[in-house]
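Trainee: I'd like to ask some things about the structure below.
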Amino acid sequence: MALFLSAFFLPQSVFSQDNLVRLVFAEDVVSSVEFPNTTVAKGHVEFNHAGSRLFCDSALFFQDKDIVHAYSNVQINQGDTVNLFCDSLIFDGKTNISKLYSNVRFRDNEYLMVTDSMEYDGNRSVGAYKNHAVITSRNDDLRLTSIKGYYYSNSKTFFFKDSVHIKDPEYELFSDTLEFRTNTSDAHFHGPTTILFDSSNVQCKKGIYFSKKDLVQLWNGATINEPGRRFYADSLIYNQKDDFGEGFCFVSLYDTTEQVHFLADYMLKKPKNTEIILKNNARVWQYDEKDSLYLSGDTISYYTDTLTNNKLSIVENNVNVIKGELYIVCDSAYFNEQDSILKLHKEPIMWNDRTQLFADSMFTTFYDDEFHDMKMYHNAMIITEHENDSVHYDQLKGKFMTALLDSGKVKSVHIHQNAQTMYYPTETETDTAGVETKRLSGLNQIDCNEIIVRFLKGEVQEVNFMDQPSGKMLPMNQIPEKDLFYKGFRWEINRKPDRPFPE
């Protein structure tokens, strides 16, 4: 925003209360027969007050009251900088207040103002118009209008109220209340405001626009809309020229092109979304026609390589990932779009239906909006809970495992080294009423170097042993308590995150 007004109201020195008004020249001067102690001046009339000159076609000069009524072609001139015109004017030298009426025009080296009437209080150094004004720049295409306006000459501050509209080649602004400080070229918004740029717009209720820097600081709720992006925050700092922004409290960045929604209590956004950092209650929604991907953590960093358009995401501390029927928690996660691998570190756990998978670390491939496999490294274990049974669990254990997923469900597990499995085959019983129920028939414990397990509806359906298996089958009533769980067993269903509602 250019420095759009310098001083279109009368400065305090135009009429000083310490000086009397003096009639300098008139072609015809007579005493008024209607008003005592009053001079009627006509023809190229000129007054002087504290070095400022007042011109008009005719005037009434109330000498005992030190008041001037000026009429027709009224002009006030101060040096080479201030030229003010109107059809009529009343100046009170004792109160130091000027009132200008009809076709009021101000002109200086930079700006022209047109309004219906204006008042200037020299005691408070405040000028005001209350019936609409148009201000235009004499050097460029800037145009400003408002219903009311005030100028505080001591602080060099303008205050515009009611239907404020600025039209500039670089932007267009609409506001309820606008304060402009000429010393620093800052525009302060004190009400609902909209700023329109070529390809973006800003909406806010309160804030500051630093026009020389193309920088806005907004609060009380602010939104920036750009093609394919919407950026909202309770308070926001945004450099429109550099496309750099920070948001604080209830931050939301929605990318309509990628169908990604970033949310947090703090967000740092770098140009063209090449880097987005979310902190404090950070969440990301990636919307999909079937199942949206949800990601949350203490800190989420999102990077885009402008040359390759490759995207990289890093999530740190208290990580939650939800996609369809898959739920994941871990301490840190790393996703590289180039190889489509999501890396989960620091004791990750995944739940699918009644199955829980965990290991020291997990790598899963994610593409076409689906998880396809899960590689589990070191101390890997898979636990499946039987329906309505909190004692007996199917368990798979090994040094390294690969789980294959289909439509968000575990379909098979390949245990590559030090494979151990215990599972409970089930039998179906039908009572006299024809109601079918499943019961556990025993415990099958098998050790083998390599095992492949296939699942159906969340339960073990088939087990294949690839290398010299050894094991035993125990009836339900002969299972020792020590054989119920493998070492490292932990069922942590209480850590499974709740599915949030899309935001």
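The values are calculated or read from the model by the stated rules, or taken from the named source; none is laboratory data. Nothing here was measured: the structure is a model prediction, and the numbers come from that model. Positions of Cβ are backbone-derived with ideal geometry, glycine not excepted, and every protein chain shown enters the neighbour counts.
Trainee: Name, by its number, the condition in (1) more than 25 Å from Thr39 (Cβ to Cβ); (2) at pLDDT 85 or above that does not hold for Phe62.
Mentor: (1)
Trainee: In the range 459-497, what count of residues is obtained for those that are modelled with pLDDT of 90 or more and within 59 Å of the chain's Cα centre (by Cα)?
Mentor: 14
Trainee: Scan the range 16-31 for residues that are in contact with a Leu (Cβ under 9 Å, 6 or more places away or on another chain) and modelled with pLDDT under 90 and jot them down.
Mentor: Answer for the range 16-31, where residues must be in contact with a Leu (Cβ under 9 Å, 6 or more places away or on another chain) and modelled with pLDDT under 90: just Val21.
Trainee: Which condition does Asp447 not pass, out of (1) in a strand (DSSP E or B); (2) closer than 22 Å to Met362 by Cβ, if it passes all the others?
Mentor: Status for Asp447: all satisfied but (2).
Trainee: Please work out which one of (1) over 44 Å from the mean Cα position of the chain (by Cα); (2) β-branched (Val, Ile, Thr); (3) within 30 Å of Val260 (Cβ to Cβ) is the condition Thr402 fails and give its number.
Mentor: (1)
Trainee: Only one of these conditions is not met by Thr299: (1) out of contact with any Asp or Glu (no Cβ under 6 Å at 6 or more places or on another chain); (2) outside any loop (DSSP other than H, G, I, E, B). Which number is it?
Mentor: Going through (1) out of contact with any Asp or Glu (no Cβ under 6 Å at 6 or more places or on another chain); (2) outside any loop (DSSP other than H, G, I, E, B) one by one, Thr299 breaks only (1).
Let's see how each residue does on (1) crowded, with 17+ Cβ neighbours inside 10 Å; (2) under 54 Å from the mean Cα position of the chain (by Cα):
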{"site": "Ser32", "(1), (2)": "no, no"}
{"site": "Pro36", "(1), (2)": "no, no"}
{"site": "His44", "(1), (2)": "no, no"}
{"site": "Phe62", "(1), (2)": "yes, no"}
{"site": "Ile67", "(1), (2)": "yes, no"}
{"site": "Leu84", "(1), (2)": "yes, yes"}
{"site": "Leu100", "(1), (2)": "yes, yes"}
{"site": "Tyr111", "(1), (2)": "yes, yes"}
{"site": "Asn123", "(1), (2)": "no, yes"}
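Trainee: Residue check, Thr437 against (1) more than 26 Å from Met362 (Cα to Cα); (2) part of a loop (DSSP other than H, G, I, E, B), all met but one. Which one?
Mentor: (2)
Trainee: Give the residue that is nearest to Pro192 (Cα to Cα), with candidates limited to residues of the range 220-235 that are touching an Asp or Glu at 6+ places or on another chain (Cβ under 7 Å) and either of a type outside the set (D, E, K, R) or surrounded by fewer than 16 Cβ atoms within 10 Å (Cβ to Cβ) (or both). Let's see the steps before the verdict.
Mentor: Taking the range 220-235 and keeping what is touching an Asp or Glu at 6+ places or on another chain (Cβ under 7 Å), we get 221, 228-229.
Pick out the ones that are also either of a type outside the set (D, E, K, R) or surrounded by fewer than 16 Cβ atoms within 10 Å (Cβ to Cβ) (or both) and you get 221, 228.
Values: Gly221: 10, Gly228: 24 Å.
Across the range 220-235, the extreme among qualifying residues is Gly221.
Trainee: Which of the residues that make up the range 186-218 are in contact (Cβ under 8 Å) with a residue 60 or more places away in the chain and among the polar types (S, T, N, Q)?
Mentor: Once the filter is applied, which keeps residues that are in contact (Cβ under 8 Å) with a residue 60 or more places away in the chain and among the polar types (S, T, N, Q), the range 186-218 yields only Ser211.
Trainee: Report, by residue number, each residue of the range 369-399 that is within 30 Å of Val260 (Cα to Cα) and hydrophobic (A, V, I, L, M, F, W, C). Don't jump to the end; show me each part of the working.
Mentor: So the first thing to find is which residues in the range 369-399 are within 30 Å of Val260 (Cα to Cα), and the list is 369-376.
Of everything in the range 369-399, those that are within 30 Å of Val260 (Cα to Cα) and hydrophobic (A, V, I, L, M, F, W, C) turn out to be Phe371, Met374, Met376.
Trainee: Also, I was wondering about something else. Can you tell me which of (1) within 22 Å of Tyr152 (Cβ to Cβ); (2) in contact (Cβ under 8 Å) with a residue 24 or more places away in the chain; (3) of a type in the set (Val, Ile, Thr) is the one Thr38 doesn't meet?
Mentor: (1)
Trainee: Also, I was wondering about something else. Could you tell me which residue of the range 370-416 is modelled with the highest pLDDT, considering only residues that are buried (at least 16 other Cβ atoms within 10 Å of the Cβ) and outside any strand (DSSP E or B)?
Mentor: That would be His392.
Trainee: I'd like to verify a number: residues in the range 101-156 that are within 16 Å of Asp87 (Cβ to Cβ) and in a strand (DSSP E or B), how many?
Mentor: Residues of the range 101-156 within 16 Å of Asp87 (Cβ to Cβ): 101-107, 113-119, 129, 131, 133.
Adding the requirement that they be in a strand (DSSP E or B) leaves 101-107, 113-119, 129, 133.
Result for the range 101-156: 16.
Trainee: Turning to a different aspect of this structure: Within the range 269-290, work out how many residues are surrounded by fewer than 17 Cβ atoms within 10 Å (Cβ to Cβ) and either free of Cβ contacts under 8 Å to residues at least 24 places away in the same chain or not in a strand (DSSP E or B) (or both).
Mentor: 10
Trainee: Only one of these is more than 26 Å from Cys330 (Cα to Cα) and in contact with a Lys or Arg (Cβ under 9 Å, 6 or more places away or on another chain): Thr426, Thr437, Thr402. Name it. Explain how you work it out, then say what you get.
Mentor: On the way: Thr437 fails: in contact with a Lys or Arg (Cβ under 9 Å, 6 or more places away or on another chain); Thr402 fails: more than 26 Å from Cys330 (Cα to Cα).
Answer to the check: Thr426.
Trainee: A follow-up question, please. Just the residues that are modelled with pLDDT under 90 and crowded, with 20+ Cβ neighbours inside 10 Å, please, taken from the range 294-312.
Mentor: Result: Tyr302, single match.
Trainee: Got at least one residue in the range 421-434 being at pLDDT below 80, closer than 25 Å to Ala380 by Cβ and over 55 Å from the mean Cα position of the chain (by Cα)? Reasoning before the result, please.
Mentor: Keep residues of the range 421-434 that are at pLDDT below 80, which gives 429-434.
If we keep only those that are closer than 25 Å to Ala380 by Cβ as well, we get none.
There is no residue in the range 421-434 that is at pLDDT below 80, closer than 25 Å to Ala380 by Cβ and over 55 Å from the mean Cα position of the chain (by Cα).
Trainee: Another question, then. Looking at the structure I just gave you, is Tyr287 closer than 16 Å to Arg499 by Cα and either at pLDDT below 90 or over 16 Å from the mean Cα position of the chain (by Cα) (or both)?
Mentor: Details: closer than 16 Å to Arg499 by Cα: yes; either at pLDDT below 90 or over 16 Å from the mean Cα position of the chain (by Cα) (or both): yes.
Yes: the conditions hold for Tyr287.
Trainee: Moving to a separate point now. What are the residues in the range 319-348 that are on the phi > 0 side of the Ramachandran plot and either touching a residue at least 60 places away in the same chain (Cβ under 8 Å) or surrounded by fewer than 16 Cβ atoms within 10 Å (Cβ to Cβ) (or both), if any?
Mentor: Matches in the range 319-348: Gly324, Ser340, Lys346.
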